[in-house]
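The structure appears right after this line, and notes come after that.
The values are calculated or read from the model by the stated rules, or taken from the named source; none is laboratory data. Model, not experiment: these values are computed from the prediction. Positions of Cβ are backbone-derived with ideal geometry, glycine not excepted, and every protein chain shown enters the neighbour counts. Side chains included, ligands, DNA and RNA excluded: accessible areas come from the protein's heavy atoms. Shrake-Rupley method; radii C 1.70, N 1.55, O 1.52, S 1.80 Å.
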Amino acid sequence: MRIIVGITGGIAAYKAPQLVRLLVKAGHEVRCVATPHALEFVTRLTLETVSGNSLYCDLFAQTNNHTTEHISLKDWGDAMIVAPATANIIGKMASGIGDDALSTLLLSFSRKPLLMAPAMNTQMWECPAVQRNVAYLVSTGIEMVEPGTGDLACGTTGKGRMAEPEEIVQALARRLSRAADMPLRGKRVLVTAGPTYERIDSVRFIGNYSTGKMGFALAEALAARGAEVELVAGPTALKTDNAAIHRTDVESAREMYAEATRLFPGCTAAILSAAVADYRPEHTADHKLKKQGDEGMTLHLVQNPDILATLGSMKQEGQTLIGFALETDNEQANAQRKLERKNLDYIVLNSLRDAGAGFGVDTNLVTIMSRNGDSYTSPLMSKREVADEIVRRCLLPESATLLANNEV
Ligand code: PMT
């Protein structure tokens, strides 16, 4: 999984590289976010070397993709650990203060497992204000990895030592295996992503602008909740190294059809976000076609199979089928027709009339419509957040009421 390790300015920060090393050894991908004070105790170079990734520290650092780092990182991470967590970061988090990269990220990191490993002097730990803040954070679902008792850096003995890195890794493993955080454990979900290419000849094809970002975000969101994902991807440059995502690459609509219809019977749900070509050239030349001159050239197209409609006809009791609708006009009515005609449980409508939605971009704005008439319209969000909402509102136990009430 993708784990963010937050490091704050306490002497126990010297144990952070060991924590990162253990997480990497356990198979996680790790990114570190440190406060400027943390870097008085442990170096940037050490944290970048053990994590294998850049360190985040400066809220206003220029990034090459011009995204706000704390926003893109919160989407990236499946879980977060703050170790050591000083009284200062605990207090800021409990009060909703975001004044640096880490505290700002923490405020936006919601609905995912978050652990804090406090480390401070005994009197500070026992201070009623700190205890009040800790109790409040625990009541919001944040898990405290209790500090241990022993010799402290200030020369005294008592409670306040940060838990050992091994204990923190175990606490994370326990947390990640909790049913509440892994509601899709044991479920296999099919996802289609990206475009299809329909060959004209050995050098040309009919394609579309889909990049696969929406489908890959769905696959990640499902895997983060414990699902085993069968990802059938059209031609895309995207990569995934998540062990819970089993990827099959295809090129054409017919290849995607063959894989999707093969995999669907073994899945409890399918989300079809691929932009599949409706038509393909009737004949494919095995050489490069030559220019035809002034009269132009005619390509005869034949219809591709409709993968979603076929899955709709194959669907059994207990399977959930979710389609997408990419529209440019009469959006709701067109999506509603597709929902009914293809026998779907839900359809996710995105419109090219909404800025920041649809092909290529990192964001989307969707309306999720259910077959019983309920719907939810999201704000413009990252594709990973949209994916989280689709999973939450269509596949998790609370989904029915969330959609009916259009609840945030
Ligand atoms: O990949 P990105 O760059 O991130 O862009 C994401 C997206 C815009 C591609 C995605 O959000 C999206 O809208 N996907 C569906 C695009 C589409 O083809 O929509 P449609 O309205 O033409 O198709 C309706 C549904 O039928 C879709 O679920 C589609 O996967 C499915 N379909 C369509 C044709 C076909 N032959 N077989 C299908 O299964």
message: Every residue in the range 150-206 that is in a loop (DSSP other than H, G, I, E, B), crowded, with 18+ Cβ neighbours inside 10 Å and of a type in the set (Gly, Ala, Ser), please.
response: ALA163, GLY194
task: Could you please give the count of residues in the range 359-383 that are open to solvent by 60 Å² or more (accessible area, probe 1.4 Å), assigned to a strand (DSSP E or B) and within 11 Å of the ligand (Cβ to nearest atom)?
output: 0
message: With the requirement that a residue be more than 16 Å from the ligand (Cβ to nearest atom) and crowded, with 18+ Cβ neighbours inside 10 Å, what does the range 232-243 give you?
response: ASN242
- request: Return the residue satisfying two criteria in turn: it lies in the range 316-331 and is within 13 Å of the ligand (Cβ to nearest atom) and out of contact with any Asp or Glu (no Cβ under 8 Å at 6 or more places or on another chain), and of such residues it is least open to solvent (accessible area, probe 1.4 Å).
  value: GLY323
- prompt: Could you list, in sequence order, the residues of the range 6-40 that are of a type in the set (Ser, Thr, Tyr) and either over 23 Å from LEU107 (Cα atoms) or in a strand (DSSP E or B) (or both)?
  reply: TYR14
Hits in the range 94-109 (condition: crowded, with 18+ Cβ neighbours inside 10 Å, of a type in the set (A, V, I, L, M) and within 23 Å of the chain's Cα centre (by Cα)): ALA101, LEU102, LEU105, LEU106
statement: With criteria (1) crowded, with 16+ Cβ neighbours inside 10 Å; (2) more than 10 Å from the ligand (Cβ to nearest atom); (3) closer than 21 Å to PHE216 by Cβ, TYR257 comes up short on (2)
message: List the residue pairs whose Cβ atoms are under 8 Å apart, where the first residue sits in the range 127-144 and is in the same structural domain as ILE81 (by TED's automatic domain parsing) and hydroxyl-bearing (Ser, Thr, Tyr), the second is open to solvent by 70 Å² or more (accessible area, probe 1.4 Å) and modelled with pLDDT under 95, and the two are 6 or more positions apart or on different chains.
response: none
- line: Only unsatisfied item for GLY194, checking (1) assigned by TED's automatic domain parsing to the domain that holds VAL82; (2) on the phi > 0 side of the Ramachandran plot, is (1)
task: Count, please, the residues in the range 263-277 that happen to be more than 10 Å from the ligand (Cβ to nearest atom) and open to solvent by less than 10 Å² (accessible area, probe 1.4 Å).
output: 3
- prompt: Looking only at the range 204-231, which residues are more than 8 Å from the ligand (Cβ to nearest atom) and β-branched (Val, Ile, Thr)?
  reply: ILE206, VAL229
message: Looking only at the range 110-126, filter to residues that are open to solvent by 10 Å² or more (accessible area, probe 1.4 Å) and in contact with a helix residue (DSSP H, G or I) (Cβ under 7 Å, 6 or more places away or on another chain); which one of those is nearest to ILE81 (Cα to Cα)?
response: PRO113
task: Report, by residue number, each residue of the range 288-302 that is within 16 Å of the ligand (Cβ to nearest atom) and touching a strand residue (DSSP E or B) at 6+ places or on another chain (Cβ under 6 Å).
output: LEU301
- request: Consider SER313 carefully, then state whether it is within 27 Å of GLU228 (Cα to Cα) and open to solvent by 80 Å² or more (accessible area, probe 1.4 Å).
  value: yes
